[in-house]
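Notes follow once the structure below has been shown.
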Amino acid sequence: MSQHEAMVIVGAGHAGGRAALTLRESGFTGPIVLVGEESHLPYERPPLSKALLKGESSLEECSLFSEASFMASGIEHRSGVRVIGIDAERHQVALDSGVTLGYRRLLLAMGGTSRSLDFSGRRFSNVHHLRTFDEAIALQQRLKPGTRLLVVGGGFIGLEVASTARDRGCEVTVLEAGPRLAARALPERLSDALLTLHRRKGVAIHLGAQIDGIQGEGRVDSVRLLSGERVMCDELLVGIGMQPNLELAQEAGLATGSGIRVDRFLQTSAPDIYAAGDVCEFQRADGEFHRQETWRNAEAQGRLAALNMLGQQQAFSAVPGFWSDHYEFGLQTVGTLAPNAYVIERELADAGFLLLYLDSAARLQGASGWGIGNSIAKDIKLCERLIESQVVLPWDSLADVSVSLKSLLRGAHA
Ligand SMILES: Cc1cc2nc3c(=O)[nH]c(=O)nc-3n(C[C@H](O)[C@H](O)[C@H](O)COP(=O)(O)OP(=O)(O)OC[C@H]3O[C@@H](n4cnc5c(N)ncnc54)[C@H](O)[C@@H]3O)c2cc1C
């Protein structure tokens, strides 16, 4: 056991902030130190590409806690400070301010860094990334009616920004290198729904687009594609995913894969060090390691890591899921959308739909849906319960929307 008393958390984002709060709420009375390189209290990131970018929300509304409740919690927040080293043996972390902190238990919740395009060393003042509040505000100030926005990357963040920018009156072009939108996370049916909707809203979408050159001095004026086409722009958003911040863990000798490797209790390969959120790669029941970049995962793992840091041995078993918003439509998924699953579609009102992913024994493994606003939420919640219950479902009536999901949960079809 370490002689230090403090619980130290690296990364004051969603998972880190949730963990700090859970430690205190669960009765830990000793020192909690939350170290974060951003200058803000921990906040939720989904609004950065949605309400906040639209100008309809504020940092306070996205914060995990109010300034007053944070002060009352007695959690020490070292903001604008970066952890630059971990000494796992001595139970210490080094800060870029020159200070060394001892820890009893350490949580690594460093999230990730936006991937950037290779500009061969050139710097452009109108190129944006979107991971932080400060970046969202910088982008928001540039999205004026008539602004020509070029989005590189047809994943969730790029498409949500496209949607927000159209609502703000911008002209938007999206370049996606792959054959369909958001292909890494979504089935073809949802990619198609996104494509149809964005095109209908006036976004020019190029699939299979390869960038051949970037023109401009100090600012990107246009991008040339391999097809020979040239796309002019006033602002350029790079939305090509993120890389988890693994360097600290790797330098400290912790096991890593596509994230910091943890066991079922979110404990890393080093004693007293845990990891949670986007940076963490955890083992699923099937033995495969898996990393998630979702609000739900950051929330659940931040909370669970804190409980396990306090000595509880709770295995991580939360059902995965995420949502994404585009204009007046929303999509949601829950569980696993395995490519080899049997998929059944239920047609819903207003061009909405729900896809059910079943295993060979007709048990639900995952679901994804599309609908106006939050209309799909209720079905997705019921699907989560069907996944948890692993009840055997009737193949032949699943597509029939008059057979309610609730009745299936009660086994009423049997
Ligand atoms: C624009 C945007 C929109 C999103 N929309 C959705 C959505 O609609 N639905 C959904 O499910 N998910 C969404 N997400 C994903 C979700 O927000 C993330 O999965 C979640 O924020 C991950 O939380 P985290 O705590 O792991 O990482 P983060 O919230 O990124 O926090 C990590 C923190 O660690 C800090 N840090 C890193 N290294 C160090 C260091 N060495 N020292 C000190 N501090 C450090 C970083 O500065 C950062 O503040 C979105 C994300 C973004 C960026």
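Take the stretch 328-412 with all the other protein chains still there, run a 1.4 Å probe, and you get 47 Å² of accessible area per residue. The Cα center of the stretch 136-201 and the Cα center of the stretch 57-125 differ in position by 29 Å.
DSSP finds beta bridges in the chain, and of those with both partners inside it, around 60 percent are antiparallel.
GNM on the chain, alpha-carbon springs under 10 angstrom: the most fluctuating residue among Ala209, Ala165, Ala362 is Ala362. Name the shape class, rounded, prolate or oblate, that the alpha-carbon gyration tensor gives for the stretch 328-412, where a ≥ b ≥ c are the square roots of its eigenvalues, rounded holds for a/c under 1.5, and otherwise prolate holds if a/b is larger than b/c and oblate otherwise. Prolate. Based on protein heavy atoms only, the stretch 1-112 ends up with 42 Å² per residue of surface accessible to a 1.4 Å probe.
Using the Cβ of Ala165 as centre and a radius below 13 Å, the other residues enclosed give a net charge of +3, where K and R count +1 and D and E count -1.
Under the classification rounded if a/c is under 1.5, otherwise prolate if a/b is larger than b/c and oblate if not, where does the chain fall, given a ≥ b ≥ c as square roots of the Cα gyration tensor eigenvalues? Verdict is oblate for the chain.
Take the Cβ atoms of Glu388 and Phe289, set R0 to 35 Å, and the FRET efficiency comes out at 0.95. Taking the 1.4 Å solvent-accessible surface of the stretch 328-412 as the whole, the part contributed by carbon and sulfur is 52%. Ligands, DNA and RNA are left out, and with a 1.4 angstrom probe the accessible area of the stretch 116-238 is 46 Å² per residue. Quick check for the chain: number of Lys pairs with alpha-carbon distance under 20 Å, counting only pairs 8 or more apart or on different chains? For the chain, qualifying lysine pairs total 7. Among Ala12, Ala367, Ala94, the largest mean-square fluctuation in a Gaussian network model of the chain (Cα springs under 10 Å) belongs to Ala94.
Apolar share of the accessible surface for the stretch 116-238: 46 percent from carbon plus sulfur atoms, 1.4 Å probe. Can you list the residues, at least 5 places off or on another chain, whose amide H is less than 5 Å from the amide H of Arg82, using H built in the peptide plane? Those lying under 5 Å, H to H, from Arg82 are Asp96, Ser97.
Charging the Cβ of each Asp and Glu at -1 and of each Lys and Arg at +1, and nothing else, the dipole of the stretch 116-238 about its Cα centre rounds to 200 debye. Of the three principal axes defined by the Cα atoms of the stretch 116-238, the extents in descending order read 40, 31, 25 Å. Across the chain, C-alpha contacts under 8 Å between residues 6 or more apart give a mean separation that, scaled by the residue count, equals a relative contact order of 14 percent. Which one of Ser26, Ser375, Ser79 has the biggest mean-square fluctuation once the chain is modelled by GNM with Cα springs under 10 Å? Result: Ser26 has the largest fluctuation of those listed. What you get for the stretch 113-180, charging only the Cβ of Lys and Arg (+1) and of Asp and Glu (-1), is a dipole of about 160 debye around the Cα centre. Charges were assigned to the Cβ only: +1 to each Lys and Arg, -1 to each Asp and Glu. The resulting dipole of the chain about its Cα centre is roughly 320 debye. Ordering His129, Leu108, Ala88 by the projection of their Cα atoms onto the charge dipole of the stretch 76-159, which places +1 on the Cβ of Lys and Arg and -1 on the Cβ of Asp and Glu, puts His129 at the extreme positive end. Where only DSSP H runs of four or more residues are counted, the chain gives -7000 deg cm²/dmol as its mean residue ellipticity at 222 nm, each run worth -39500 (n - 2.57). Sites listed here are trypsin sites (Lys or Arg not before Pro) in the stretch 270-364 whose DSSP assignment is loop and whose Cβ has at most 16 other Cβ atoms within 10 Å: Arg284.
The values are calculated or read from the model by the stated rules, or taken from the named source; none is laboratory data. Worth saying up front: this structure is predicted, and the values here are computed from it rather than measured. Cβ coordinates were reconstructed from backbone atoms using ideal geometry, including for glycine residues, and neighbour counts include every protein chain displayed. Each accessible area value is taken on the protein alone, full model and side chains, heavy atoms only, with ligands, DNA and RNA left out. Shrake-Rupley method; radii C 1.70, N 1.55, O 1.52, S 1.80 Å.
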